[in-house]
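The block underneath contains the structure these notes are about, expressed in structure tokens.
What follows is calculated from the coordinates using simple rules that are stated; it is not laboratory data. Here the structure is a predicted model, which is why all the values come from computation and not from measurement. All Cβ positions, glycine included, derive from the backbone under ideal geometry; neighbour counts span all protein chains shown.
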Amino acid sequence: MAPNIVALSSIGRFKTSRAAVRFAADSRGDATSCGSAVGPKDLPQAVWDKIQDHPCYSEDAHHYFARMHVAVAPACNIQCHYCNRKFDCSNESRPGVVSEKLTPEQAAEKVMAVAAKVPQLSVVGVAGPGDALANADRTFRAFELVAAALPHLKLCLSTNGLALPDNVDRIAAIGIDHVTITINMVDPEVGARIYPWIFFRHRRWEGLEASRILHERQIAGLEALTARGVLVKVNSVLIPGVNDEHLAAVNAAVRARGAFLHNIMPLISDPAHGTNFGLSGQREPTAEELRATQDRLGADARLMRHCRQCRADAVGLLGEDCGAEFTLDKLDAKSFDPRRREMYLSVVARERADRQKAMEAAQMATTKPEPATLIAVASKGGGRINQHFGHATEFLIYEVDSRGARFVGHRRVDRYCGDGRGDDAAMAATLAALEGVSALLCAKIGERPRERLAAAGITASDAYAFEYIEASAIAWRSIRFASSGRAASA
Ligand code: CLF
Ligand code: SF4
């Protein structure tokens, strides 16, 4: 039987052939989970309506929906030790990259061009390159233009929070339903090790005083937004030895004030970026430390684990960035076609239902209470195992046990295949990145990388090519247990 395939690209940016889209023959079940692994059955309908196609606020949605950032906010009002102002805001983007800065009018033009080509587009965000609210007029003007032209798009902004209390009314008036605040501390003593200064009320503040003002403004802004029903995500940068032990207190404080999600992001402190932390030797957390910190916060922590620390001009699904295809000089004047978007939404609704049903069926076949196993997956989106091992630049990591399969993070890797040949250096880095993983599921893999993975204790399989991720991961594990009669190593 042919596998069920929904090739996103076939209805997305590059092709329009409906024949390329094959659907499951039978419709099955209900959908999904959110960024904090909470699904529609656990949420008020109004909240689910807000997050179900937001790729950051719903983990499930990140398989299907795209976001784009418009870089309309060049200035910043604080200094973070992990930021070099030559680059983009590191609170929501990788340092070391520079965006093409846009006027609000250029931003609206770009959004229209992307929406015309990318039916997956559901969110427009302002996440830099400085702070969205240190450039409030430019940010709000861009949002107003986008909302007037394409009212179906969700509006999303990210801020360090310093100017937030002054802007809550405008946020609510424009209909911005999703706001991210970067909160790295709720104790100014901790903050003083992260923020050397802020600029507030026409003067510069330093040290503990700066940190205290920032903290009070962040909490006041969070409270004001949640009181108005705006969904707030909190980002925290995990800085080993500075705030790692403190993040449990941050999580408790922001949850108590109604934050919807907490996204703990690893510090990036490459000395080449020239940040204070990078130059002073402040180390980054390992993938294991990040996961351990997240796990320590417990099941109620409402964590986002699928963040990709994207650029301030990112475009596309979270695991990809096709922003380079939409620079100002490449925009064309195609107009948005709502029928294409509707068609895409109907595909996604069907896929979500199918995927959930397949997962439930696979889970029912699992009977033994087995210990957890980590499984890596190569996916281009759509919730399916649909990427060649050698083309992957990241692997999705699922934890699988007798309760099911849960997304727990992603691991970045260098692409193994180049010019038709395998890259040994990339393979060595991939093996290191996949530490702790028992199996790797992909659409295709050659013998040589399969053997290298096997030698490292990782079973690679392309037997589940183009199938749903969770159902396949559960099935792989059940078969492994049945054949070995013992637990696969976690
Ligand atoms: Fe952009 Fe941020 Fe809105 Fe998402 S990103 S402003 S909430 S639309 Fe998402 Fe990117 Fe992570 Fe941000 S993956 S860096 S969390
Ligand atoms: Fe840099 Fe963003 Fe911090 Fe401003 S808020 S200093 S742009 S990381």
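Structure above, values below:
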read-out: For Leu328, net neighbour charge (Lys/Arg +1, Asp/Glu -1) across residues whose Cβ lies under 14 Å away; value: -4
read-out: Computed [θ] at 222 nm, helices only, for the chain once each DSSP H run of length n ≥ 4 contributes -39500 (n - 2.57); value: -10000 deg cm²/dmol
read-out: Most positive-pole-ward Cα, His388, Asn235, Ser346, against dipole of the chain from beta carbon charges; value: Ser346
read-out: Greater than 22 Å apart at Cα, pairs in Lys86/Lys334; Lys330/Lys380; Lys101/Lys330; Lys110/Lys334; value: Lys86/Lys334; Lys330/Lys380
read-out: Mean Cα-pair separation over length for the chain, i.e. relative contact order, pairs under 8 Å, 6 or more apart, %; value: 16 percent
read-out: Sparsely packed trypsin sites (Lys or Arg not before Pro) within region 310-399, loop by DSSP, other Cβ within 10 Å at most 13; value: Lys334
read-out: Residue order, fewest to most beta carbons within 10 Å, for Lys50, Lys444, Lys110; value: Lys444, Lys50, Lys110
read-out: From phi via Karplus (6.51, -1.76, 1.60), per-residue ³J(HN,Hα) for region 260-273 in Hz, x at Gly/Pro; value: 7, 9, 10, 10, 8, 10, x, 4, 10, 9, 5, x, 5, 7
read-out: Extension gain (nm, one decimal) between Lys334 and Ala454, 0.36 nm per residue minus Cα-Cα; value: 38.4 nm
read-out: Euclidean distance of C-alpha centroids, region 225-295 and region 417-457, integer Å; value: 30 Å
read-out: Residue order, fewest to most beta carbons within 10 Å, for Ser461, Ser236, Ser90; value: Ser461, Ser236, Ser90
read-out: Magnitude of the charge dipole, region 229-312, Cβ model with Lys/Arg +1 and Asp/Glu -1, debye to 20; value: 400 debye
read-out: Phi-based couplings in Hz for region 278-290 (Karplus 6.51, -1.76, 1.60; Gly and Pro marked x); value: x, 7, 8, x, 4, 8, 7, x, 7, 4, 5, 5, 4
read-out: Separation of the Ala173 and Glu206 label points, Cα + 7 Å toward Cβ, nm; value: 3.8 nm
read-out: Overall dimensions of region 120-242 by Cα: Rg and Dmax, Å; value: 15.0, 47
read-out: Selection from Ile219, Ala324, Met265, by position along the positive dipole direction of the chain (Cβ); value: Ala324
read-out: Viscosity 0.890 mPa s, temperature 25 °C, Stokes-Einstein D of region 393-490 from Kirkwood C-alpha radius, µm²/s; value: 174 µm²/s
read-out: Potential extension, Asp137-Ala324 segment - 0.36 nm per residue separation minus Cα distance; value: 64.7 nm
read-out: Cut-off under 5 Å, modelled amide H: who pairs with Lys380 long-range; value: Asn386, Gln387
read-out: Beta bridges per DSSP with both ends in the chain, % antiparallel, nearest 5; value: 40 percent
read-out: Bins of 10 Å, starting at 0 and running to the largest distance - Cα pair percent for region 159-224; value: 22, 51, 23, 4
read-out: Reduced Cα scattering model of region 280-394, Debye log10 I(q)/I(0), q = 0.13 Å⁻¹; value: -0.90
read-out: Rel. contact order, % - alpha carbon contacts under 8 angstrom, at least six apart, region 261-396; value: 15 percent
read-out: Amide H within-cut-off set for Ala392, under 5 Å, with H built and near neighbours excluded; value: Tyr416
read-out: Cα principal axis extents for the chain, largest first, Å; value: 68, 50, 47
read-out: Convex hull projection area averaged over all views, region 165-312, Cα basis, nm²; value: 9.4 nm²
read-out: Net dipole in debye of the chain [+1 Lys, Arg Cβ; -1 Asp, Glu Cβ; about Cα centre; nearest 20]; value: 720 debye
read-out: Potential extension, Asp419-Phe199 segment - 0.36 nm per residue separation minus Cα distance; value: 74.2 nm
read-out: Phi to ³J(HN,Hα) by Karplus 6.51 cos²θ - 1.76 cosθ + 1.60 over region 375-387, Hz, x for Gly, Pro; value: 10, 9, 10, 9, 9, 9, x, x, x, 10, 8, 9, 10
